[in-house]
1. Modelled with pLDDT under 95 and open to solvent by 40 Å² or more (accessible area, probe 1.4 Å) - does that describe any residue in region 242-254?
2. If E196 passes every condition in (1) open to solvent by 40 Å² or more (accessible area, probe 1.4 Å); (2) within 14 Å of G142 (Cα to Cα) but one, which one does it miss?
3. Give the residues of region 144-163 that are within 14 Å of P77 (Cα to Cα) and buried (at least 20 other Cβ atoms within 10 Å of the Cβ), sorted by residue number.
4. Which fully enclosed helices (runs of 4 or more DSSP H) of region 191-277 have 1 or more residues being aromatic (F, W, Y)?
5. Quick check on region 130-143: of everything there that is open to solvent by 20 Å² or more (accessible area, probe 1.4 Å) and not charged (D, E, K, R), which residue is farthest from S304 (Cα to Cα)?
6. Open to solvent by less than 100 Å² (accessible area, probe 1.4 Å), at pLDDT 90 or above, in a helix (DSSP H, G or I) and farther than 15 Å from L155 by Cα: is that true of K284 in this structure?
7. How many residues are open to solvent by less than 20 Å² (accessible area, probe 1.4 Å) and either in a loop (DSSP other than H, G, I, E, B) or free of Cβ contacts under 8 Å to residues at least 24 places away in the same chain (or both) when one looks only at region 105-128?
8. Might you let me know whether region 212-223 holds any residue that is within 17 Å of G142 (Cα to Cα), out of contact with any Asp or Glu (no Cβ under 9 Å at 6 or more places or on another chain), β-branched (V, I, T) and open to solvent by less than 20 Å² (accessible area, probe 1.4 Å)?
Amino acid sequence: CGKILMHIALGIDIGGTKISAALVSPSGRILARGKSPTPPKAKPAVILKHVLEIAEEITGAKQLPRAAIAGIGVGVPGIVAPRNKILATPNINLAKFPLCEKIKRRWKTRVLAGNDVNLGLLGEQWLGAGRKAKNIVGVFPGTGVGGAVILDGRLWIGADGAAAEFGHMIMDIDGPLCSCGNRGCLEALTGRWAIERDIRQAINNKQHTIITSLLDDPLAPIKSKILKTALKHKDPLTLNIMNQAAQTMGKACISLRHIFNPELLILGGGVIEACGDFMLPVIKRVFKSDPFFKKIDHCDIAISHLGDDAVILGAVAMVKRG
């Protein structure tokens, strides 16, 4: 592992809509980057082809031979068990595919894979909001809700790599149906798709909202940037639904604090990035109302710092740690 620390590493983030990669120095400085759209419904071999092309492109731009790359870390949107076994990838076709072995065959270097949310939190610990903290819980509400945990400085992934699925923590046993099949999950109450569900239901019930005028197409997704604009205009319906989501997120954070006793809770994801100015004060107020931990710890809540680079930098941090 000593030699790896002296060399450049390659971080790759395979997402449902795009594949991003960057060459990263041992100190975490991004030296070159590239990206490509993820081919929709592509076979694993096609995704691999795009990954390899991006890697070749950015190393070629820096005129680096493959031997200069000390290791490659890959973030995957799904469950990645120990030893690089990709068990499930709901939104992309990589389950059971020997991705790391295929990349290693081309690059002749160590290749490690991990869940993208786990690596995002690892990146935040290395260079973002979690610097110097050893016990961190991350919650990332985007379209769904992702989660990750670092305990005593190490990622906690569970026996099969499926730990910290906080989006499927049940908050209301009689709540709405979640994509996982359970009812009342955190994701089914605070994910963007759940917020959109509640807004559309209100629109169908003839409630007025500015969101109808913000959509180019009435059937277009209600994305986080639209929610941000509606909050800026103090749209009553959006304020009410986002306030409910923030309160539920605050209660989830209380439960996570009781379970893990972290130094820090990091919130990220598209919903927080767009609407954090509104949501964070509500989440913190609910979080601080918990009477149990008031005299025990000083856990804080912070918003992630690294944005789209978090997974790439976390993938490199994984390589550096071996």
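1. Going residue by residue through region 242-254, those that are modelled with pLDDT under 95 are none.
No, every residue in region 242-254 fails to be modelled with pLDDT under 95 and open to solvent by 40 Å² or more (accessible area, probe 1.4 Å).
2. Unmet condition: (1).
3. The answer is G144, V145, G146, G147, A148, G161.
4. Answer list for region 191-277: 192-204, 236-260.
5. If we filter region 130-143 for residues that are open to solvent by 20 Å² or more (accessible area, probe 1.4 Å), which is where we start, we get 131-132, 134-135, 140, 143.
Going one step further and asking which of them are not charged (D, E, K, R), we end up with 135, 140, 143.
Values: N135: 15, F140: 9, T143: 17 Å.
Result: T143.
6. Numbers: open to solvent by less than 100 Å² (accessible area, probe 1.4 Å): yes; at pLDDT 90 or above: yes; in a helix (DSSP H, G or I): yes; farther than 15 Å from L155 by Cα: yes.
Yes: the conditions hold for K284.
7. 2
8. No; the residues of region 212-223 include none that is within 17 Å of G142 (Cα to Cα), out of contact with any Asp or Glu (no Cβ under 9 Å at 6 or more places or on another chain), β-branched (V, I, T) and open to solvent by less than 20 Å² (accessible area, probe 1.4 Å).
The values are calculated or read from the model by the stated rules, or taken from the named source; none is laboratory data. Worth saying up front: this structure is predicted, and the values here are computed from it rather than measured. Note that we place each Cβ from the backbone using ideal geometry, even for glycine, and neighbour counts take in every protein chain shown. Side chains included, ligands, DNA and RNA excluded: accessible areas come from the protein's heavy atoms. Shrake-Rupley method; radii C 1.70, N 1.55, O 1.52, S 1.80 Å.
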